[in-house]
Amino acid sequence: MQILRLAVISPMRSFFDYLPPVQMAEKAVEKLQPGIRIRAPFGNRSVVCILLEVTLSTNIDKSRLKNVLEILDETPLIRRELLELCNWAASYYHHPPGEVIAAAFSSKQRRGLPVSELVDYGWTVTSLGEETIKQGKIAMRAPKQASLLNLISKSGFLGREYISNHASHSSFYALKKKKLITLEKVFPKVLSRSKKQDVALNHAQKQVLSSIKNNIDSFKCHVIEGVTGSGKTEIYLQLIHLALKQQKQVLLLIPEINLTPQTVLRVSERFDARITELHSGLTDSDRDYSWRLVSEGYSDIIIGTRSACFAPCSRLGMIIVDEEHDSSYKQQDGFRYSARDIAVKRAQIENCPIVLGSATPSLETLLNVRSDRYLHHELTERVGGASLPNLTTIDIREKALSGGLSSTLLRAIKNTIDKGEQVLLFLNRRGYATQLQCHRCGWIAECEDCDVRMTLHKKTRELRCHHCGKSARLILSCPNCGSKNLLLEGIGTQQTEEKIREAFKGTIIHRVDSDNIPNKAAMEKLMESVTQRRPCILIGTQMLAKGHHFPGVTLVGVLDADSLLFGLDFRGEERMAQLITQVSGRAGRESNKSHVLLQTHHPNHPFMQAIVDQSYSTLSKYILDDRGTRDLPPLGYLILMRADSKYQADGEHFLKSIAERANITGDVKLIGPLPSAMPRRAGKYRNQLLLHSKNRTSIHKAATKLVSIGDKITKRNKMNWFIDVDPVEIC
Ligand code: ADP
Ligand code: ZN
Ligand code: ZN
């Protein structure tokens, strides 16, 4: 008897066995390929499933097996390699396989919709349009339309990605109305690959490139540890070129959607290849379309954020993970995977090289370098000889601060602006003030649903919770005692902006946080303005620390370096070293005199001094040794199980009974149940169990136990729970 083993696209941790469709011939069943979609009955509904294998044995009583309803695909939607990757990820992250595989599908595919013909829409110039160009009639009246018309004429055809990413719809439609261009339906074609000349690499870059080139046809994990501005991206570009020459696709992962425009621009300037973006900013239909371009091999270079590690590339030849240390690569809800780790596994399965690049590699990666699993390449100098900025602390003990700024920092800002240069101020807190308190009775504005204080947003006159998004009207008197004497504590970016605007009238000032720069278009506009190089002051959160190039910045001020110094998590030191190095790296890319000033109450703290005196590569070695003495990741392993419940007791009891039944002993320690560092968020109590071990196999065995017990316990009052393997935050 032939059995179809299926993964259901749903949060079900196991596989399901079914019988083939009624009346399907045995020969036809044999031919069914893993990766096709199948519709099967499930309870009293029907669900979309993926075929994992056709087998002859099952643990289920055969009389209870049901027939599937419908075979949805002739050929697999997911290649064998990608299916293998998903299966690996499901087992490593103890996550339902159907949901993992669904991550590799577009939304249409997940819903079981038929795979339609892949058509491309694009603009071409009409004969009237060509005539207009010849006579130069349009140019004086509408310069934007004229340049667009010329561009379409020159390229012959302008595809859909260009329309949504680079030009305004109104220009297209204005030209269409004048019958100068027309929208045509064509089949996508693989574009030609003519390109701009590669830049001549410097000696250090050449060495890295040639070493990677030597291993270009097989799996090898390369780490490029290169200081900011050392020419890593230039190496990526030349690697991409090598892959394109071999007709291979390249997957380039970036940590943040905001970095897409800059990355796409840099890549598209170099190659006349089809570049496909994959990120959360796409509509379902655009995403579906991009997905198909990638899987059917039309796109050559895929630039995407986290989830793109599952992009259905059909001829993958290389993976590049830029800023590999960035914690955004770890998904923080649902299927909690690390895109970097998945990418490495993927490269191994696809047998292609992978490059992990960063100025501040993660300790996980550095340990793999130490143990010779990954090949290490170093770039210790900036291209063109620009020196790295020098770091100094400003002792702010007992100093007056205005908007979080000391007079020393204010003077330095003034000097920089006077010289016609740019300043970047870093403060990792949005809003105006982080706390509102009654000066008479001590009442503090807290979120109703979370154990946190509300942040004051002055412009919109509201109190907002940065954890659940809840907001309330700003109050003018204490709800407890009625006093109007309310105190603001904790400086946010808005307050700093206010003070800076007062102190630097007439200077261009940009606040860069998610309130002010909500999407990638806004970021693009900001970058355009900043790269014009007029003196300006940028005030921003970690949004500013990530990968952007600000060639005119020569002074970086870190307003509250102490907030990083006393993190709750064991990763605090690593994060601080990375963040300070990355923020500093924004400065002086083209100059020899750039400075970073760190305001602190702890100028003599050994770690503060280490940050000032030592390079990241030295510092990271110490931190790694220290983790070793405590068996902490990456020299030990952690797996977290958390239960979120409406009533505190539900989650606690649930975890307690799992812990008791699992009876974890031997080389795995089980800690908890304990409340999380934020015990309540968005109205739910958060409790956790933590597994800790030096032995990877043992800890995964223990996790399997917890999960299988958890699956069997009935959950009360809408409690939900999850497991987080290699958590980036354990608090
Ligand atoms: P990173 O990615 O390490 O920050 P980039 O590759 O962006 O560094 O290089 C920094 C700057 O130096 C860029 O403007 C880049 O165009 C330029 N650059 C990189 N390599 C070279 C080279 N070999 N010759 C000239 N300019 C280079
Ligand atoms: Zn009060
Ligand atoms: Zn809240």
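Where a number appears in this text, it was derived from the coordinates with a stated rule and is not lab data. Owing to the predicted nature of the structure, the values given are computational and were not obtained by experimental measurement. Using ideal geometry, Cβ is built from the backbone for each residue, glycine included, and neighbour counts are taken over all protein chains shown.
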Rounding to the nearest 20 debye, state how big the charge dipole of region 627-667 is about its Cα centre with +1 on each Lys and Arg Cβ and -1 on each Asp and Glu Cβ.
-> 100 debye
From fewest to most C-beta neighbours within 10 Å, the residues HIS95, HIS169 line up as HIS169, HIS95
Relative contact order (percent) for region 11-135, with alpha-carbon contacts under 8 angstrom and 6 or more residues of separation?
-> 28 percent
Compute the separation of the alpha-carbon centres of region 525-592 and region 215-260 and state it in Å as a whole number.
-> 23 Å
Cα→Cβ-extended label distance, 7 Å offset, between ARG533 and GLN2, nm | 6.9 nm
Fully extended, how many nm does the chain gain between LYS179 and SER280 (0.36 nm per residue separation, minus their Cα-Cα distance)?
-> 32.9 nm
Could you let me know the centre-to-centre spacing of region 267-289 and region 460-521, using Cα atoms, in angstrom?
-> 36 Å
Assuming R0 = 22 Å, can you tell me the calculated FRET efficiency for the pair HIS203 and GLU378, based on Cβ-Cβ distance, to the nearest 0.05?
-> 0.95
Do you know the relative contact order of region 452-563, to the nearest whole percent, from alpha carbon pairs under 8 angstrom that are 6+ apart?
-> 17 percent
Can you tell me how much longer the chain between ASP631 and GLN348 gets when fully stretched, taken as 0.36 nm per residue apart minus their C-alpha distance, in nm with one decimal?
-> 99.1 nm
A student applying the Cα gyration tensor rule (rounded when a/c is under 1.5; otherwise prolate if a/b is larger than b/c, oblate if not) would label region 556-633 prolate
Of SER268, SER211, THR507, whose Cα points farthest to the positive end of the dipole of the chain (charges on the beta-carbon: +1 Lys, Arg; -1 Asp, Glu; origin at the Cα centre)?
-> THR507
Net dipole in debye of region 464-575 [+1 Lys, Arg Cβ; -1 Asp, Glu Cβ; about Cα centre; nearest 20] | 440 debye
Using a Förster distance of 22 angstrom, determine the FRET efficiency expected from the C-beta separation of SER387 and ALA610, and round it to 0.05.
-> 0.65
Looking at this model, which pairs from LYS399/LYS484; LYS220/LYS694; LYS27/LYS345; LYS66/LYS712; LYS62/LYS656; LYS459/LYS484 are more than 31 angstrom apart at the alpha-carbon?
-> LYS27/LYS345; LYS62/LYS656
Shape call for region 7-114, from the Cα gyration tensor axes a ≥ b ≥ c (a/c under 1.5 means rounded, otherwise prolate when a/b beats b/c, else oblate), comes out rounded
As computed over region 263-351, the Cα convex hull volume per residue (Å³) | 107 Å³
Taking the Cα centre of the chain as the origin, how large is its charge dipole in debye, to the nearest 20, when only Lys and Arg (+1) and Asp and Glu (-1) carry charge on their Cβ atoms?
-> 1580 debye
Under the helix-only model (-39500 (n - 2.57) for each DSSP H run of 4 or more, divided by the residues of the chain), the mean residue ellipticity at 222 nm, to 500 deg cm²/dmol, is -10000 deg cm²/dmol
Could you give the length gained on full extension between ARG716 and LEU113, defined as 0.36 nm per residue of separation minus the Cα-Cα distance, in nm?
-> 213.6 nm
For region 616-731: rounded, prolate or oblate by the Cα gyration tensor [a/c cutoff 1.5] | oblate
Length-normalised contact order of the chain in % [C-alpha pairs under 8 Å, at least 6 apart] | 11 percent
Where does the charge balance sit around HIS602 when Lys and Arg score +1, Asp and Glu -1, over other residues with C-beta under 10 Å from its C-beta?
-> -1
Between ILE216 and GLU489, what is the spin-label point distance in nm, taking each point 7 Å from the Cα along the Cα→C-beta axis?
-> 6.0 nm
Would you mind checking the pairs LYS206/LYS419; LYS196/LYS330; LYS245/LYS621; LYS232/LYS701; LYS206/LYS248; LYS499/LYS546 and listing those with alpha carbons more than 29 angstrom apart?
-> LYS206/LYS419; LYS196/LYS330; LYS245/LYS621; LYS232/LYS701
